[in-house]
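Novice: Okay, handing you the structure first.
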Amino acid sequence: MALYSAAAEVLLRLERGEGGLKSLVYNSGFPHVRQLYALVSETLRYAAVLEKLLDGAALLRAEKKLAPQLAKVLVYDLLFGKGLKCGGRWKALARRHRARLEAELARMKVRHKVSRNEDLLASEQAVSAAASQVPRYVRVNTLKTCVDDVIDFFKCQGYAYLGKATSVEELKALSGKKFLLDLHLPELLVFPSQTDLHDNLLYTSGHIILQDKASCLPAFLLGPVAGSHVIDACAAPGNKTSHLAAILKNKGQIFAFDVDPKRVATMNTLLTRAGVTGCQLVQQDFLTVDPRDPKYSRVTHILLDPSCSGSGMVTRRPGEEVAPSAERLQALAGFQRRVLSHALSFPALQRLVYSTCSLHQEENEEVVQAVLQEWGSAFRLVTAFPSWPCRGLAAFPGAESCLRASPAETLTHGFFVAVLERCREGAVAPSSLPAAAKENPQPGEGTEPGAAPKRKKKKQRVKE
């Protein structure tokens, strides 16, 4: 069962945009790396077929506690692999639903006029064009190094640094061993999409973090100043937590929550490697956390990136963009509304970022609208990153203050971000960037897009 749990965890982290397949597998802690890599790779290869099988057989509706990622790896091995290698309740579950799954597979073959399982992949072989365009983003971990030193390190390894990008088109044109500084985020380097850095010294030592650009937006836009008390409400596997620690310069306090003990252990490993201090990991459902607990009385910032449909992740295969069932979407949105409302109940809270890797309005604008209505005039939307090209859907007046990301428009995973601030009587119009960002203005926020960033004080170098 450990194999299937590890594979499901890798799939979940892929959906959340927390790294590439190889890096996630190699850093999973699972002892048999090749076996894990093979299972995840084959599950991804059959992903579109598995999605349709699960939907047609109504497996997730029948087994409400079964995570979609675990369902995929179990059904892959049951129907397409060498048979399930586990016992206990999961084998019993598979036995209960095997006939229904096999019947749905047979119907799929009839519809596609094929006789072999492999023939179902004929129309699903190529990864989507959008996915192939998304570059490899590398966040410099400023707890251990600085942008200039990392650039110099890659140049010594034979990479050509092309300077700071001025347009998305420049990112799209990257090829070979060339890289750029991102045009929006100051500590993000951009490499061609096929660049594999999972065994690079900078990555294994925690000096760089492999993290999609869209996944970097929540912590950047939350922007707590050094010394702040911050909650990362749904924190695992920890990339956003480490980003928060870097923004705080390890000064202050982070409370990072996740309900799963294995994910908390993974997060502990990642944060240790990244040099994070002043972070308290808590294995607890955030919804059960008491906002009135004195230990959280100084929490002024919350990052909330709850479970979602993952429909924005470009690791999905063609045909996998089928919308989740109405019941699942409704359940997710209900959970997201509850957890967002709960987060707003922390008494000292001043600023909150809500984000998902979903494309669905039900999980994004509609959640924000419902919770803002529930709280009346206590909180307001802040215009997040005004220079960002992709805005929120017009679901309600002011929804354009939210931002979206997409492979086509921003060369990232699909993403949604909303920034909420507590209202004050007589307050002036809300600022569009967090305090930390105002101290170092970013392109479009006090500097011209083509302006070079200030050189930063160098930190420890990493020798080759």
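Just so you know, all these numbers are worked out from the coordinates, no wet-lab data involved. A quick note: this is a predicted structure, and the numbers were derived from the prediction, not measured. Because the Cβ atoms are built from the backbone with ideal geometry, glycine has one as well, and the counts that use them run over all protein chains shown.
Novice: Among Leu53, Gln69, Ala99, flag the residue with its Cα farthest along the positive direction of the charge dipole of region 1-122, charges on Cβ as +1 for Lys/Arg and -1 for Asp/Glu.
Specialist: Going by the charge dipole, the pick is Ala99.
Novice: State the answer as a single residue: which of Ser205, Val190, Ile231 lies farthest towards the positive end of the charge dipole of the chain, with beta carbon charges of +1 for Lys and Arg and -1 for Asp and Glu, about the Cα centre.
Specialist: Of Ser205, Val190, Ile231, it is Ser205.
Novice: Here are some pairs, Lys82/Lys262; Lys72/Lys113; Lys91/Lys240; Lys213/Lys249; Lys64/Lys172; which of them have Cα atoms lying more than 30 Å apart in this structure?
Specialist: Working: Lys82/Lys262 26 Å; Lys72/Lys113 24 Å; Lys91/Lys240 35 Å; Lys213/Lys249 20 Å; Lys64/Lys172 41 Å.
Over 30 Å apart, Cα to Cα: Lys91/Lys240; Lys64/Lys172.
Novice: Residues of region 230-253 with the amide nitrogen closer than 17 Å to a label point 7 Å from the Cα of Ser387, along Cα-to-Cβ, please.
Specialist: Within reach of a label on Ser387, which here means backbone N under 17 Å from a point 7 Å along Cα→Cβ, region 230-253 contributes nothing.
Novice: Kindly state, to the nearest 0.05, the FRET efficiency for Glu42 paired with Ser377, given R0 = 51 Å and r defined as their beta-carbon distance.
Specialist: Values: r = 53 Å, r/R0 = 1.03.
The computed FRET efficiency comes out at 0.45.
Novice: Separate question: Whose amide H sits under 5 Å from the amide H of Val134, counting only residues 5 or more places off or on another chain, with H placed in the peptide plane?
Specialist: Under 5 Å from the amide H of Val134 lies no amide H from a residue far enough along the sequence or on another chain.
Novice: How do 34-41, 270-277 rank on mean C-beta neighbours within 10 Å, highest first? Spell out each step's value before the answer.
Specialist: Values: 34-41: 17.6, 270-277: 19.2.
Most protected by this proxy first, the peptides run 270-277, 34-41.
Novice: Dipole magnitude of the chain about its Cα centre, charges +1 at Lys/Arg Cβ and -1 at Asp/Glu Cβ only, in debye to the nearest 20? All intermediate terms of the calculation are to be shown ahead of the outcome.
Specialist: Working: 61 positive and 46 negative charges, 235 e Å.
Result for the chain is approximately 1120 debye, rounded to the nearest 20.
Novice: Which order do the peptides 6-14, 305-313 take when ranked by the mean count of other beta-carbon atoms within 10 Å per residue, highest first? Provide the component values of the computation, followed by the final result.
Specialist: Values: 6-14: 24.4, 305-313: 22.6.
Descending mean neighbour count gives 6-14, 305-313.
Novice: Another question, if that's okay. Just add up the charged neighbours of Ala274: K/R +1, D/E -1, any other residue whose Cβ is under 11 Å from the Cβ of Ala274.
Specialist: Numbers: positive: Arg139, Lys144, Arg273; negative: none.
With Lys, Arg at +1 and Asp, Glu at -1, the neighbours total +3.
Novice: At Lys91 and Glu118, where each label point lies 7 Å from the Cα along Cα→Cβ, what is the point-to-point distance in nanometres?
Specialist: 2.9 nm
Novice: Normalised by the number of residues in the chain, what is the relative contact order in percent for Cα pairs under 8 Å and 6+ residues apart? All intermediate terms of the calculation are to be shown ahead of the outcome.
Specialist: Values: 819 pairs, mean separation 74.5, N = 464.
Across the chain, relative contact order equals 16 percent.
Novice: Using r as the Cβ-Cβ distance of Arg424 and Asp199, and R0 as 60 Å, what FRET efficiency do you calculate, to the nearest 0.05?
Specialist: Details: r = 50 Å, r/R0 = 0.83.
The computed FRET efficiency comes out at 0.75.
Novice: Rounding to the nearest 20 debye, state how big the charge dipole of region 1-122 is about its Cα centre with +1 on each Lys and Arg Cβ and -1 on each Asp and Glu Cβ. Walk me through the intermediate numbers first.
Specialist: Values: 23 positive and 12 negative charges, 84 e Å.
That gives region 1-122 a dipole magnitude of about 400 debye.
Novice: Specify, per residue and in Å³, the volume enclosed by the convex hull of the alpha carbon atoms belonging to the chain. Write down the numbers at each step before the final one.
Specialist: On the way: hull volume 67.5 nm³, N = 464.
So the per-residue Cα hull volume is 145 Å³.
Novice: What is the distance in Å between the Cα centroid of region 364-429 and that of region 214-231?
Specialist: Here the answer is 16 Å between Cα centres.
Novice: Find, to one decimal place in angstroms, the Kirkwood hydrodynamic radius of region 134-210, where the mean of 1/r is taken over every pair of different Cα atoms and then inverted.
Specialist: Working: mean 1/r = 0.0813 Å⁻¹.
Roughly 12.3 Å, rounded to one decimal.
Novice: Do me a favour and compute the ellipsoid semi-axes for region 49-118 from its Cα gyration tensor, root of five times each eigenvalue, largest one first, whole Å.
Specialist: Values: eigenvalues 81, 37, 20 Å².
Computed over region 49-118, the values are 20, 14, 10 Å.
Novice: Further question on the same structure: Assuming R0 = 30 Å, can you tell me the calculated FRET efficiency for the pair Thr272 and Glu169, based on Cβ-Cβ distance, to the nearest 0.05?
Specialist: Numbers: r = 39 Å, r/R0 = 1.30.
Efficiency, rounded to the nearest 0.05: 0.15.
Novice: Let me ask something else about it. Determine, for each peptide in 354-360, 366-372, the mean count of other beta carbons within 10 angstrom over its residues, then list the peptides with the highest first.
Specialist: Details: 354-360: 25.1, 366-372: 21.9.
Per-residue Cβ counts within 10 Å, averaged per peptide and sorted highest first, yield 354-360, 366-372.
Novice: Within the set of other residues whose C-beta is less than 14 Å from the C-beta of Gln253, count the net charge using Lys and Arg as +1 and Asp and Glu as -1. Intermediate values should be presented prior to the final figure.
Specialist: Values: positive: Lys249, Lys251, Lys295, Arg298; negative: Asp232, Asp293.
Here the charged neighbours net out to +2.
Novice: Taking the Cβ of Leu393 as the center, what net charge do the other residues with Cβ under 14 Å away carry, scoring Lys and Arg +1 and Asp and Glu -1?
Specialist: Details: positive: Arg391, Arg404; negative: Glu362, Glu363, Glu365, Glu366, Glu400, Glu409.
Summing Lys and Arg as +1 and Asp and Glu as -1 gives -4.
Novice: Hey, rough spin-label estimate for Ala62 and Glu327, points 7 angstrom out along Cα→Cβ, what's it come to in nanometres?
Specialist: About 1.1 nm, to one decimal.
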